[in-house]
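The values are calculated or read from the model by the stated rules, or taken from the named source; none is laboratory data. This is a predicted model, so every value here is computed, not measured. Because the Cβ atoms are built from the backbone with ideal geometry, glycine has one as well, and the counts that use them run over all protein chains shown.
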Amino acid sequence: MSTPVIERYDRLLASPAFHLTIIVILSGLVLFTTLQRGGLSGYDDAVYAEEGRQVLKTGNWTDVQFNGGVTYEYPPMFVWMEAASMSVFGINDAAAKLPSAVCGLLVVIVVYLIGCELFGAGLTAVVAAWV
């Protein structure tokens, strides 16, 4: 015989909102606590950070610049996200890495929601989000 408190607790543990909350908290800890560690890793990180810095320096959000020339190699949305992050948090490595961490967290949420649709809101969806 279970008490109302235990039944409420069991319902909470079985709810998809609880699973998603736990996944967001744990993923956020993994993604956001490492922003200050290390520098920009790799060529691409440094290029995008410099392009974001150039957007702030020139004020030109439509023509992304790198090495003194305008570049149209990639869609500018990510560079705009980096520039916005740098305008709020200053020009530093953590601000340059923040858009990637936010996008990573959004991917975890979307994969969890897809896992819920395909497999139900059980352990499989949680595992899918962590993969």
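Just a few scattered comments:
- K57 basic (K, R), within 30 Å of G115 (Cα to Cα) and modelled with pLDDT of 90 or more: no
- Take the conditions (1) acidic (D, E); (2) in contact with a Gly (Cβ under 7 Å, 6 or more places away or on another chain); (3) in contact (Cβ under 8 Å) with a residue 40 or more places away in the chain; D45 misses just one of them, which is (2).
- Only one of the listed residues (V131, V108, V102, V127) is surrounded by fewer than 17 Cβ atoms within 10 Å (Cβ to Cβ), at pLDDT 85 or above and closer than 30 Å to I22 by Cβ. That residue is V102.
- Of the residues examined, V88 is not one that is closer than 30 Å to I22 by Cβ, part of a helix (DSSP H, G or I) and modelled with pLDDT under 90.
- Q65 being more than 18 Å from the chain's Cα centre (by Cα) and modelled with pLDDT of 90 or more: no
- The C-beta contact set for the stretch 56-82 (first residue at negative phi and part of a helix (DSSP H, G or I), second residue among the charged types (D, E, K, R) and modelled with pLDDT of 90 or more, distance under 6 angstrom, 6+ apart or interchain) comprises V79/E51.
- Scan of the stretch 20-75 for residues that are more than 16 Å from I91 (Cβ to Cβ), of a type in the set (V, I, T) and surrounded by fewer than 17 Cβ atoms within 10 Å (Cβ to Cβ), ordered by number: T21, I22, V24, I25, V30, T33, T34, T62, V70, T71
- Applying the set (1) more than 26 Å from I23 (Cα to Cα); (2) out of contact with any strand residue (DSSP E or B) (no Cβ under 6 Å at 6 or more places or on another chain) to G122 leaves exactly one unmet item: (1).
- Sole residue being within 30 Å of A121 (Cβ to Cβ) and under 22 Å from the mean Cα position of the chain (by Cα), chosen from S100, S41: S100
- Conditions (1) in contact (Cβ under 8 Å) with a residue 60 or more places away in the chain; (2) part of a helix (DSSP H, G or I); number of the one not met by A121: (2)
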